[in-house]
Amino acid sequence: MDKKIKDKISKDIYDISYTLKSKGFNVYLVGGSIRDIFLNKDIDDYDLATDATPDQLKKIFPKAILFGEKFGTIMLIIDNNRVEITTLRKESDYDDGRHPSKVSFIKDINEDLKRRDFTVNAIAFDLINFNIIDLFNGEGDITKKIIRAVGNPDARFEEDALRLLRAVRFSLKLGFKIEQNTYNSIKKNAHLIEFISKERVRDEFLKIISGDNSSKGIELLRETGLLQYIMPELLVCVGVIQNKFHSLDVYNHLLLSMDKADEKIKLVALLHDIGKPQTKEGEHFFAHEKVGADIARNILTRLKFPKEEIYMTCKLIQLHLFFYNDSWSDGAVRRFLRKVEDDKSLELLFLLREADEKGNPISTYDFNNLEKLKKRIQKIKEKDRFMSIKDLKINGYDLMKIGYQKDRFLGETLNLLLDAIIEDPSINTKESLLAIAKDKLDHFV
């Protein structure tokens, strides 16, 4: 196996190792890169560990990108591949369940491997002497397809509770089963995830729901008890029966919709019916899209999502129930476009609509209707574009010249005029719009 590993490592990595060796240092391939070699996968990013200190690394590689300097890490970009080089270290005193309060730089690769999270990530390949260092039988766990914590799982999760989520992610990413003692420890320590910053939890959660095993990830989070600390609103959806047109409860419909969704809208698909439990009246879920948008806003705000993403997600949830048919007038299509606002939102909304229907095994939805609507929209866009207040042939100053004050009535009138030209673009002239505005002003006075 040593020769097989040796031959899969790129020349650039050996060049780095020779440079470090010439300065008297040891260097090892570690972490995900060595694991992926065992799995016969291509390596995009390399992780190296060395006994050179951060200061020594900076002198040897003056063009390196410095980051995580406290933990002794530099980064090189070679042929669009990222190479991280980290000083061997020992960590201790994880007071907050997130960060070690003591980091010591060391010379012993064995001590460095002991601090790592899972056995499959705790294998090293000596780039100087070309031998494998595998203290915890990581190679055996790769063969058995097992995710196992290094040493005592409780201790590993207490050191950094984000590892609770990383265990789930690696299980999905690699198609491995979580070893029973490690699994039991995740359930026991699930509450520790509350000590982790919401940003880190968010990023790990997004990785878990990406790819083809999205629903398996959510189910594993639910079974281990982690979901109640990340997104308890989903648990409320379990067992909520829908009407006769659905064969799945709300929870499983959301999971299947997410599985069927394009990568761009995995999260939106997971949340699109999150408001159904709160709005259930018999077989009906009145205004669940509006309630769902509010719930989603609370979830995403709590998890520190960017404001733009929160806005987009909530908008898509509110609009996802549209049902197009041939009876829609051009004005109806324009009003729909006004709510959607832009091309990006339109693309995502169509993807969500498809995922919603594909998430219902007994759906009879005719997807040709979506194609028809797309063609209608294209024709109207070619003629009229998306319409907004800035497309009006008059503005607020024009209205103030005929007697409007700078108050809410001015804004209401501009929106009324926009509705009018959406219904009939031919009246978008200054003369016609001022006549409508004057008539409305007369009713105010």
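Quick look at the numbers
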quantity	calculated
Residue within region 371-385 that is in contact with a Pro (Cβ under 8 Å, 6 or more places away or on another chain) and either surrounded by 13 or more Cβ atoms within 10 Å (Cβ to Cβ) or not polar (S, T, N, Q) (or both) present	yes
Positions within region 17-35 being more than 29 Å from Thr143 (Cβ to Cβ) and within 38 Å of the chain's Cα centre (by Cα), in sequence order	Leu20
Candidate set: region 212-230, residues that are of a type outside the set (S, T, N, Q) and touching an Asp or Glu at 6+ places or on another chain (Cβ under 8 Å); chosen: the one nearest to Val268 (Cα to Cα)	Asp212
Criterion (part of a loop (DSSP other than H, G, I, E, B), assigned by TED's automatic domain parsing to the domain that holds Glu357 and closer than 15 Å to Pro232 by Cα) met by exactly one of Ile299, Ile295, Ile274	Ile274
Filter result for the condition that a residue is under 19 Å from Gly31 (Cα atoms), assigned to a loop (DSSP other than H, G, I, E, B) and modelled with pLDDT under 95, over Ile128, Ile74	Ile128
Criterion: out of contact with any strand residue (DSSP E or B) (no Cβ under 9 Å at 6 or more places or on another chain) and more than 27 Å from Leu174 (Cα to Cα) - qualifying residue of Lys23, Lys11, Lys41, Lys4	Lys23
Region 18-36, residues that are free of Cβ contacts under 8 Å to residues at least 40 places away in the same chain and either in a helix (DSSP H, G or I) or surrounded by 15 or more Cβ atoms within 10 Å (Cβ to Cβ) (or both)	Tyr18, Ser22, Phe25, Ser33, Asp36
Matching residues in region 1-19 - criterion: being at pLDDT below 85 and among the basic types (Lys, Arg)	Lys3, Lys4, Lys6
Filter result for Thr143 (free of Cβ contacts under 8 Å to residues at least 24 places away in the same chain, among the β-branched types (Val, Ile, Thr) and at negative phi)	yes
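The values are calculated or read from the model by the stated rules, or taken from the named source; none is laboratory data. Because the structure is a prediction, the values reported are computed rather than measured. Backbone-built Cβ (ideal geometry, glycine too); neighbour counts: all protein chains shown.
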